[in-house]
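Here it is, the structure in full.
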Amino acid sequence: MEQQIIAGAGSCRQLRGYLRERGLQKLLLVCGGSYDRLRIREEIEASGAELVRFSGFAPNPRYEDVCEGTALFRRAGCDGILAVGGGSAIDVAKCVKLYSKMDPGRSYLEQELSDTGVPLIAVPTTAGTGSESTHFAVIYFQGVKQSVTHDSILPDLAVLDPEALLGLPLYQKKSTMLDALCQAIESWWSVNATAESIGYARRAAEAIRDVWAAYIDGAEPDAAERMMLAANDAGRAINITQTTAPHAMSYKLTSLYGLPHGNAVAVCLPEVWGYMLAHPEKCTDVRGAGYLQGVFRDIAGALGQDSPQAAVDWFRRLMQTLEMRYPVAGSWPGEWREMVQAVNPTRLKNNPVALDEGALQELYERIVRHEA
């Protein structure tokens, strides 16, 4: 499916024309509590469609939350879905689309996925996940992460309006920006990387390198727009390649220690990166260790650094400058096995250097002890 993207300040005002063209009259509005404070709220509510609001989901959405949203979609007779929010809202909306025509008398997780044809529009309010341009979602069932993947959940329309970022809390700006940067880097070194995905990843990494300070400080009027476009590019990159070890390792840090997703990924990435530089003999990419070393050099260049190790050091300094959080060591020795076994093996297979249980434990220990 070819996705349509509308970008730029005030782009939410184009929703009315799009809805009229598609004949959409009643939308399930999937949004978080921040929706009421958004500058773009008036433009959305002036779109001409009736909006049936659903906000009953957790920051890490549960399967039960999606079931409630799906039931509301059916009960209200909606003919489309509008997601306004960060990755959680967009992921919920994607799953509601998939479940909307399934049998409600059986577990949705056990039924075959198919394209329901329900129009889905995504308006991201953070510059980070890129979820508005991916065909996968994450929800949790009984505390266990469920990856939902289907081509049809790529939103039909993504509206990248930087005015949606106005008023975003500072920590959330930092965390989501780091998520976008990590996605760009991981996609670039993924064993699934293609010329197209590397093009998106390079553009995202270079843009974030150039604009991150102005975006965080709010010093330049166009910084938010540039960051939103960069995050979208990073999302388009991982839509092709999916993520790798830092993302796979991050989920347990989020569930056990409450680290928000972007922050959790960002504490994992430099440790994984450093390990891969130290172990070229464990390369799993069929293009070979020489190819991978070239990729690491290219990533370093995109970040304005003269070597891969300098790029790792640059990333660590960025974390310090942003004053990002690290997990607090508790009863760690009894948790290593649980953490290691929770890592998604599919995401590990995307990683270009093999990580066995011993390597994962070593990396988790370095993260917790915050060893440079």
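None of the figures in this text is laboratory data; all of them are computed from the coordinates on show. In this text, all values refer to a predicted model and were calculated from it rather than measured experimentally. In this analysis, Cβ positions are derived from the backbone assuming ideal geometry, glycine residues included, and neighbour counts consider all displayed protein chains.
Once semi-axes √(5λ) of the Cα gyration tensor in Å is worked out from the coordinates, which option in (1) 42, 28, 20; (2) 34, 23, 19; (3) 46, 24, 16 does it equal?
Computed from the coordinates, semi-axes √(5λ) of the Cα gyration tensor in Å corresponds to (2).
Now, a different point. Starting at the first residue of the range 266-277, write each ³J(HN,Hα) from the Karplus equation 6.51 cos²θ - 1.76 cosθ + 1.60 with θ = phi - 60°, in whole Hz, x for Gly and Pro.
5, 6, 7, 4, x, 5, 5, 4, x, 4, 5, 5
Output ³J(HN,Hα) for the range 189-203: one whole-Hz value per residue in order, computed from phi by the Karplus curve 6.51 cos²θ - 1.76 cosθ + 1.60 with θ = phi - 60°, and x for Gly and Pro.
For the range 189-203, the Karplus-derived couplings read 8, 4, 5, 8, 4, 10, 4, 5, 5, 5, x, 5, 4, 4, 4 Hz, x marking Gly and Pro.
Scan around residue 160 for amide H atoms under 5 Å from its own, H built in the peptide plane at 1.01 Å from N, and keep only partners 5 or more places away or cross-chain.
6, 7, 8
Please work out whether the range 1-94 counts as rounded, prolate or oblate from its C-alpha gyration tensor, where a ≥ b ≥ c are the square roots of the eigenvalues and a/c under 1.5 means rounded, while otherwise a/b larger than b/c means prolate and anything else oblate?
Prolate is the answer for the range 1-94, as a/c is 1.5 or above and a/b outweighs b/c.
Moving on. Just how far, in whole angstrom, is the range 64-115 from the range 20-61 if you go by their alpha carbon centroids?
Computed from Cα coordinates, the inter-centre distance equals 15 Å.
Right, something else. With springs only between Cα atoms under 10 Å, which of 271, 64, 21 fluctuates most in a Gaussian network model of the chain?
Fluctuation is largest for 21.
Continuing with the same structure: Sorting check: for 100-112, 32-44, which peptide has the highest mean count of neighbouring beta carbons within 10 Å, and how do the rest follow?
Values: 100-112: 12.0, 32-44: 16.8.
Result, highest mean first: 32-44, 100-112.
Highest mean first, what order results for 121-127, 226-232 on Cβ atoms within 10 Å?
Packing order, densest peptide first, comes out as 121-127, 226-232.
Compute, for the range 170-369, the length of the dipole vector about the Cα centre, with Cβ point charges of +1 (Lys, Arg) and -1 (Asp, Glu) only. Units Debye, rounded to 20.
Working: 19 positive and 23 negative charges, 37 e Å.
Dipole of the range 170-369, to the nearest 20 debye: 180 debye.
Convert each backbone phi in the range 291-298 into a coupling constant with the Karplus relation 6.51 cos²θ - 1.76 cosθ + 1.60 (shift: θ = phi - 60°), then list the ³J(HN,Hα) values in order as whole Hz, x for Gly and Pro.
4, 5, 4, x, 4, 4, 5, 5
Taking the alpha-carbon centroid of each part, what is the distance from the range 178-236 to the range 145-176 in angstrom?
Centre-to-centre distance over Cα atoms comes out at 13 Å.
Apply the a/c threshold of 1.5 to the C-alpha gyration tensor of the range 170-369 and tell me whether it is rounded, prolate or oblate.
Oblate, since a/c reaches 1.5 and b/c is not below a/b.
By per-residue mean of other Cβ atoms within 10 Å, what is the highest-first order of 279-290, 355-366, 170-181?
The peptides rank, most packed first, as 170-181, 355-366, 279-290.
Amide H to amide H under 5 Å from residue 83: which residues, 5+ apart in sequence or cross-chain, H placed 1.01 Å off N in plane?
Counting only residues 5 or more places away or on other chains, the set is 30, 121, 122, 123.
Search the structure for amide H atoms under 5 Å from the amide H of residue 50, placed 1.01 Å from N in the peptide plane, and list their residues when 5 or more places away or on another chain.
Correct list: 26, 27.
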